[in-house]
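Here the structure comes first, spelled out in structure tokens, and everything after it is commentary.
The values are calculated or read from the model by the stated rules, or taken from the named source; none is laboratory data. This one's a predicted model, so the numbers in the text were calculated from it and none came from an experiment. Note that we place each Cβ from the backbone using ideal geometry, even for glycine, and neighbour counts take in every protein chain shown. Accessible surface is based on the protein model in full, side chains and every heavy atom, while ligands, DNA and RNA are left aside. Shrake-Rupley method; radii C 1.70, N 1.55, O 1.52, S 1.80 Å.
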Amino acid sequence: MESSARRRTPPEPERPPAAGPAPHPVDPDHVEPDPPPTPGDMAPARTAAPGTAPRGARRRRIPGGVPPPAPHRPLPDGTQTGQLPRVLTGRRRTTLLVLAAVALVSAVALVVGLLSWAPRPSDPPRALTAEERTRLAAMRVTNYRDLRAGVRLTAGTGGERTELVGWVDWSRPLVYLDVGGPGAGPARGLLQATPSTVVLRPDPYAVPTPAPPPLVPPADRWRLTALPAGGRLAPVLDLLFGLAADRPDAPAADTARWTGRTDVAAQPVDVLTAPLPAPADAATPGLPDGRWWVDGDARLHRLEVRLPGAGPVTVQLNRTDRPTLRPVDALGGRPGTPRALTPAEQRRLERLPARLRDVGGATVTVTAPLGTGTNLRGAGWLTWSRRDAYLVVADLDVPGRRTLVRHDAGRATRTDVPAGTVPGTVETPGRPPLPVPVGGWRAAPADDLTTLVATALRAGTAAPTGTARRIREDSLAGTGVDVVELRSSGAQLRYWIDRSGLLRRLELPTRAHTWAQLDLVPGSVPRLDAARTTTSGGR
């Protein structure tokens, strides 16, 4: 009876929730759900009455003093639960966007700060110390001894800005640059220059932003150029060449100042203000002050100056980017190591006339930058057995005209014809018309083109005389050659002779401080006396 009575004892009444902010109210009727059924226990689901536990559910009484789990409440945004992230609310998204923008601005500011050339705030400007004067005086000698450096130069501002990227070789001297920027104009393209000569390979379709030019320059489309008066290129090229000297400068004037200190390529650099060095032929200095970034080894890293005709100019040097530069053919070609001829090379040179007469003739092409307004391209034939030549010549600056050139019986004549009568383009003209036209010929002037063709014809008569030396080994149209330079009575010639002893190119220095080339492909040629030429008066 006692156990039966105990079974009939009614359950304890629910306790009302305690007053106050109790986070976890006690729930004595908490139902622990069944574990997932196994396949053998699968049975049709039964619907329990509202408010009652499902039949078969196990009840688990919470031990006293231990609060039951809290009912489900939405978690605040950003709570890490280990589950898939919640969809961000508008407020959270706005906060993240603001934080991302702040991070981006901070990163940009950091990069700009790292790349800035501005000197660090330090002591106020002061006069140079004796050691700083010595370094500044030795700066140009250091450039000369270092031979080369990468250069990035900007002249002008805004839409008139011209940008140059490439290298300067103070030992030759030579600069090789890509010219760009919104103010480049007709000079946009590749440029090579010496202190006296500028050759340009114009490219009006190049992208506005320049990039380092190819180390092996293209062989075609170079022309001798006269830099326009009042343009920016002339003063900035003079500035680049003037940054080197073979002896120290005089100590800086008392007006030179130390203005700050910064770091370049992880080394400290002093920022000095002093005038540009005066050229050797300058009567009076009168040059503007520049800001010089000079390290402890007297190496220049940056220069800022305002030049007349060019505006503000910034020169930035990369002291580790210093490849060996290769001048284009118009400036003499790549450098070599001159030496005396070997016995085999000397024999090939001596036997050259006989070899040329044996082969008979050659097809020729001409590249002759004779002046700033005379850049010639030509094609034709010559024969050493009869000592005659016949070519058509085009001038890049006069595209609508072709000139026929004839060397016959020791006479040089020429006549002009319309461009349409000769195939090819102004850059690569075709062969001259056959038979040789009659009439209209006039005596050719004694210019560098006449000398070049006449010298090529004389190569089949007698062995060259004078001091000969091998400049370098080279190749032409896939054929290996030795470049031999001869000097005799002030004249200078270069013969490109292949291993079989045939002449492949003849080079002649011009009055414009360039080199003219006549390339030869030995072989059979047509007869060049199909019609006799007559010489008329006048030029």
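Asp263 contributes about 90 Å² of solvent-accessible surface, heavy atoms of the protein only, 1.4 Å probe.
What Kirkwood hydrodynamic radius do you get for segment 438-539 when you take the inverse of the mean 1/r over all pairs of distinct Cα atoms, in Å?
When all Cα pairs of segment 438-539 are included, the Kirkwood radius is 15.6 Å.
Rounded to two decimals, the Cα radius of gyration of segment 137-259 over 2.2 N^0.38 Å is 1.14.
When N counts the residues of segment 165-229, how does its alpha-carbon radius of gyration compare numerically with 2.2 N^0.38 Å, as a ratio?
Working: Rg = 11.3 Å, N = 65, 2.2 N^0.38 = 10.7 Å.
Taking the Cα Rg and dividing by 2.2 N^0.38 Å, one obtains 1.05.
Any chance you could tell me what percent of the C-alpha pair distances in segment 382-432 go past 16 Å? Present the calculation step by step, with values, prior to reporting the outcome.
Details: 521 of 1275 pairs.
Tail of the P(r) past 16 Å holds 41 percent of the pairs.
Choose one of Gly380, Val426, Val393: the residue whose Cα lies farthest towards the positive end of the charge dipole of segment 377-440 (beta-carbon charges +1 Lys, Arg; -1 Asp, Glu; about the Cα centre). It is Gly380.
Kirkwood radius for segment 377-492, taken over all pairs of different Cα atoms as the inverse mean of 1/r, rounds to 16.0 Å.
Find the eigenvalues of the gyration tensor of the Cα atoms of segment 313-404, then list the square roots of 5 times those eigenvalues as equivalent ellipsoid semi-axes, largest first, in whole angstrom. Show your work: numbers first, answer last.
On the way: eigenvalues 240, 154, 12 Å².
That gives 35, 28, 8 Å for the three semi-axes.
Dividing the Cα radius of gyration of segment 232-351 by 2.2 N^0.38 Å, with N the residue count, gives 1.51. Using Cβ point charges alone (K and R +1, D and E -1), the dipole size of segment 412-462 about the Cα centre works out to roughly 200 debye.
What segment 372-443 shows is 40 Å² of accessible area per residue, with the surface traced by a 1.4 Å probe over protein heavy atoms.
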